[in-house]
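What follows is one structure encoded as structure tokens, with my remarks underneath.
The values are calculated or read from the model by the stated rules, or taken from the named source; none is laboratory data. Note that the structure is a prediction, hence the values are computed from the model and not measured. Don't worry about glycine lacking a Cβ; one is built from the backbone with ideal geometry, like all the others, and counts go over all protein chains shown.
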Amino acid sequence: MDNQIEEMAYEGLDGTFTSTTPRHGCVPPPLDKFPDDNLDNLRLQLDEVEQELRQAAEYGLHLVATNNDLTQSMQRIQIAHETTTSELKGDIAMLERHLLAMEAERDAWKQKCHTAEESLDRLQQEQPSPNQPHCYGDTSTSEVHLSRVPQDEVDRLKASVYDLSTALEQATASAIAKDLAIHRLQSTKRDMLDIIQQMKCAAANDASARKALAAKNTTLHGQLATALVKMDACHEMYQVRLADEARLRQTIEELTVELQAQGDDVEAKSNLVHSTRLKCSHLERQLESLVGRETDLEGGGQSSHDPNEDEATSEALASFDRLESFFKLTALGIILDHGAHDKFLQGSSRHTIQAWFRQATQADVPYHQWHRWLTIRIAGSSSQDGFRFFRPRKSLSVEAPSTASSPSSLAGAIADFFDKYKRKPEPNHSNL
């Protein structure tokens, strides 16, 4: 049988290819050729994937904590902004109402000031000039009283005008301060809106980063699961390979023991074949002498029945049977020698060997070439049936003894005996 070992290539996770023999190969590879590097690479890749997953998880937790802090800060700032905005709106409304009241009061004071100025001008016009003569008597007291009353009114009006001017300046300063406060609040509001927009953008970026990390985490989990499955498959293959190697070692040991036993049997059979060939050589010489004697008797014209002739015929038939037995033993030895017993020793092997014997005798194959002729015939039959014929590791053939007779005469004699005496009944030895 042709012991061919097929190689199969296995691709690892790192892209390397390793060649291994199939499970049912006849010759197991050594243990040091098993791809342990693939297991080491898988373990290293598994450690790297676990480290990346751990780092990604830590970074994701850090981002989640930072996002929570930012969300809480944004909520606090938004609440503070809404509170401040509502307070500022209330202050602005109150200031606007106060401003309207102050403006109305200012207009009223302006009207009063204008009325006072008109009254003052009118009183100044009504005062008598110093060139006019004074009236003496009872009228002097009333005149003095009339002159004093407008002066008091003027002083009072001047004081009121000063107070109103001061109040107007204070109201104007307060309005300017309120305008500045409104501008500051509006600027603060714009800044707060910008901060809120930035925080919203940061929250959106954090959400995108969380989604990307979640997708990467899912991918890494899938790769880890695939690596674990491949690692389990490699471990199962390794266990199966160890079992196959153990079974193959046991099979090899059994075949070795069987081969040794067959070698001993073949050697014994070889010795038997050699002794049989020697006996056949002796019988062949006796057969040739008998053939020569029969030829001489037929040439002498003797037609009487001779008991010695019957005895010689019986001996010739016995010799012919021995030659056929020797041919069969030679064929069996060649079959066993070349390991073809599984094919030729099953079924009608006896009829096949008898057919070969008749073909050899009809083709005038010499005795000393039977071994070669049978070897070629067995090899040809095995090749036609798809059975490869191997050269034996140890030749068990024995050289045929040399004969002085001619191969063609021997084949002719065997053919004559086969035609004349094969179907002839054995003579009655009691008549001898």
If you go through segment 157-175 one residue at a time, do you hit one that is surrounded by 11 or more Cβ atoms within 10 Å (Cβ to Cβ), in contact with a His (Cβ under 7 Å, 6 or more places away or on another chain) and assigned to a helix (DSSP H, G or I)? no
Just one of (1) under 30 Å from residue 65 (Cβ atoms); (2) surrounded by 11 or more Cβ atoms within 10 Å (Cβ to Cβ) trips up residue 215, so point out which. (2)
Is it fair to say residue 321 is modelled with pLDDT under 70 and in a helix (DSSP H, G or I)? no
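Per-residue answers, yes or no, for (1) in the same structural domain as residue 335 (by TED's automatic domain parsing); (2) modelled with pLDDT of 75 or more; (3) in contact with a helix residue (DSSP H, G or I) (Cβ under 6 Å, 6 or more places away or on another chain); (4) surrounded by 13 or more Cβ atoms within 10 Å (Cβ to Cβ):
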residue: 245; (1), (2), (3), (4): no, yes, no, yes
residue: 253; (1), (2), (3), (4): no, yes, no, no
residue: 257; (1), (2), (3), (4): no, yes, no, no
residue: 261; (1), (2), (3), (4): no, yes, no, no
residue: 265; (1), (2), (3), (4): no, no, no, no
residue: 268; (1), (2), (3), (4): no, no, no, no
residue: 272; (1), (2), (3), (4): no, no, no, no
residue: 285; (1), (2), (3), (4): no, yes, no, yes
Taking the condition modelled with pLDDT of 80 or more and out of contact with any strand residue (DSSP E or B) (no Cβ under 7 Å at 6 or more places or on another chain), does residue 64 pass? yes
Test result for residue 131, of a type outside the set (Val, Ile, Thr) and at pLDDT 80 or above: no
Cβ contacts < 7 Å: first residue more than 13 Å from residue 191 (Cα to Cα), restricted to segment 72-85; second residue of a type outside the set (Lys, Arg) and in a helix (DSSP H, G or I), any location; separation 6+ or different chain. Result? 74/196; 74/199
Cβ pairs under 7 Å, 6+ apart or interchain, first in segment 315-326 and among the hydroxyl-bearing types (Ser, Thr, Tyr), second surrounded by fewer than 17 Cβ atoms within 10 Å (Cβ to Cβ) and part of a helix (DSSP H, G or I), ordered by first then second residue, are 319/286
Of 165, 142, 160, which residue is modelled with pLDDT under 80 and not assigned by TED's automatic domain parsing to the domain that holds residue 215? 142
Do we have any residue at all in segment 244-258 that's under 30 Å from residue 47 (Cβ atoms), in a helix (DSSP H, G or I) and touching a strand residue (DSSP E or B) at 6+ places or on another chain (Cβ under 9 Å)? no
